[in-house]
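Working notes, structure below.
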Amino acid sequence: MKKLRDLLFSFLTRIEKLNYFLVIVLWAMGALASPFGFPWIVLGILALHAFETVTIGLKVGKEAGEKFLYSVCMCMTFGFTWWVPLRWKTENGLDY
């Protein structure tokens with residue numbers, strides 16, 4: 001199981017910038033759809049990212065030496081596409 005986790009974490013770390021771009025596109029799609037009576041994309045992202053921030057994002061940010069506000073902002077914006085690569089880099093002593 002750890003091998004699968006390591007494979008997934010390393011893959012997400014390699015495509016980190018692409019993940020950020022895709023999340024920004026998702027936020028933009030939600031922002032464009034909201035005025036037309038479809039706020040569910042934005043509300044879904046907010047709910048998931050709020051849960052992630054409280055349960056794991058702040059912990060990973062603290063372990064990596066990031067400031068509280070930075071961790072909250074990054075996790076609320078990018079969710080697991082922020083904390084998975086950060087955790088991987090921290091666990092493996094990689095430069096971030």
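What helices in the chain pass both tests, a Cα length along the helix axis of 24 Å or more and a mean Kyte hydropathy of -0.5 or higher, using whole DSSP H runs? Could the numbers behind the result be given before it?
Numbers: long enough: 16-33 (26 Å, 1.37).
Qualifying helices, which must be both long enough and hydrophobic enough, are 16-33.
Given the -39500 (n - 2.57) contribution per DSSP H run of 4+ residues, what per-residue ellipticity at 222 nm results for the chain, rounded to the nearest 500 deg cm²/dmol?
-23500 deg cm²/dmol
For the full complex of protein chains and a 1.4 angstrom probe, list 40, 88, 82 by accessible area with the highest value first.
Putting 40, 88, 82 in descending order of accessible area: 40, 88, 82.
Find, to one decimal place in angstroms, the Kirkwood hydrodynamic radius of the chain, where the mean of 1/r is taken over every pair of different Cα atoms and then inverted. Write out the running numbers ahead of the final one.
Values: mean 1/r = 0.0711 Å⁻¹.
It works out to 14.1 Å.
Top mean-square fluctuation among 38, 51, 80, Gaussian network model of the chain, C-alpha springs under 10 Å?
The residue that fluctuates most here is 38.
The values are calculated or read from the model by the stated rules, or taken from the named source; none is laboratory data. The structure presented is a predicted model; accordingly, all values stated were derived computationally and were not measured. Protein only, heavy atoms only, side chains kept; ligands, DNA and RNA dropped before computing areas. Shrake-Rupley method; radii C 1.70, N 1.55, O 1.52, S 1.80 Å.
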